[in-house]
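Everything on this sheet refers to the single structure shown next.
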Amino acid sequence: SVDRATEVVSGLLLLGYPLVLLTVALTAYWLTGKSLAPVEGIRRQVATIESARELSARVPVPRGDDEIARLATTMNFMLARLQANAEAQRQFVGDASHELRSPLATIRVAHEVATLHPEAMDWATTSREVLAELDRIDLLVADLLLMARADEHGLPLRLDARDVAGLLDAEARRLSRVGGI
């Protein structure tokens, strides 16, 4: 009877063990998939962001205060920072374009006035003013290149106190001379 019992138990184990193992494996696979579904949602949402214009999208934050919720919150903070940086970059490009157009417009006006009314022009003054505006463009371009290098190589930012009133006065004097062309 011991041999018979051993045979029955061995047969049951040969059939039952693979079934139990398969059941445990399928249950573990299902539970893992279920617990990682929020991570897949985060991945899918981030994968849909294809350009800087879509940075306003945010990932779903699951309920709770577990690692996955903190991951989603961190991703949303990162997307917010990227969006703010992209907006700042667009603003900077617009400001830089405006700053470069101003001296170019001054040079164009000086040239057009000189072309239309050569007898009324003081060529020495016009030449100095055009050269001053070209120097201004050169400084702007040099500053832009320095900023690009600073972003690339992490140059330290040095802050100096400036006399804003003096800068405004100097710019007003420069503009009044240019306006007299």
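The values are calculated or read from the model by the stated rules, or taken from the named source; none is laboratory data. The shown structure was predicted, so the numbers you read here are calculated from the model rather than taken from an experiment. Note that each Cβ is placed from the backbone with ideal geometry, even for glycine, and that neighbours are counted across all protein chains shown. Accessible surface is based on the protein model in full, side chains and every heavy atom, while ligands, DNA and RNA are left aside. Shrake-Rupley method; radii C 1.70, N 1.55, O 1.52, S 1.80 Å.
Against the definition (closer than 22 Å to LEU146 by Cα, surrounded by 12 or more Cβ atoms within 10 Å (Cβ to Cβ) and at pLDDT below 85), how does GLU99 come out, yes or no? The answer is yes for GLU99.
Evaluation of LEU82 against the conditions (1) surrounded by 13 or more Cβ atoms within 10 Å (Cβ to Cβ); (2) more than 18 Å from the chain's Cα centre (by Cα) shows that the sole unmet condition is (2).
Scanning region 113-133 for residues that are among the aliphatic types (A, V, I, L, M) and part of a loop (DSSP other than H, G, I, E, B) yields one hit, MET121. Number of residues in region 49-72 that are part of a loop (DSSP other than H, G, I, E, B) and of a type outside the set (Val, Ile, Thr): the value is 12. For region 1-50, the tally of residues that are β-branched (Val, Ile, Thr), at pLDDT below 90 and under 30 Å from MET75 (Cβ atoms) stands at 5. Given the condition touching a helix residue (DSSP H, G or I) at 6+ places or on another chain (Cβ under 8 Å), open to solvent by 50 Å² or more (accessible area, probe 1.4 Å) and assigned to a helix (DSSP H, G or I), answer yes or no: does some residue in region 4-27 qualify? No, there is no match, as no residue in region 4-27 is touching a helix residue (DSSP H, G or I) at 6+ places or on another chain (Cβ under 8 Å), open to solvent by 50 Å² or more (accessible area, probe 1.4 Å) and assigned to a helix (DSSP H, G or I).
Each row is one residue, and each column tells you yes or no for (1) in a helix (DSSP H, G or I); (2) at pLDDT 85 or above.
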position	(1), (2)
GLN83	yes, yes
ASP135	yes, yes
LEU139	yes, yes
ASP143	yes, no
GLU152	yes, no
LEU155	no, no
LEU159	no, no
ALA172	yes, yes
ARG177	yes, no
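Considering only residues in region 104-157 that are within 29 Å of the chain's Cα centre (by Cα) and of a type in the set (Asp, Glu), the one that is least open to solvent (accessible area, probe 1.4 Å) turns out to be ASP143.
As a summary of the residue check, ASP66 satisfies the conditions (1) touching a helix residue (DSSP H, G or I) at 6+ places or on another chain (Cβ under 6 Å); (2) open to solvent by 50 Å² or more (accessible area, probe 1.4 Å) except for the one numbered (1).
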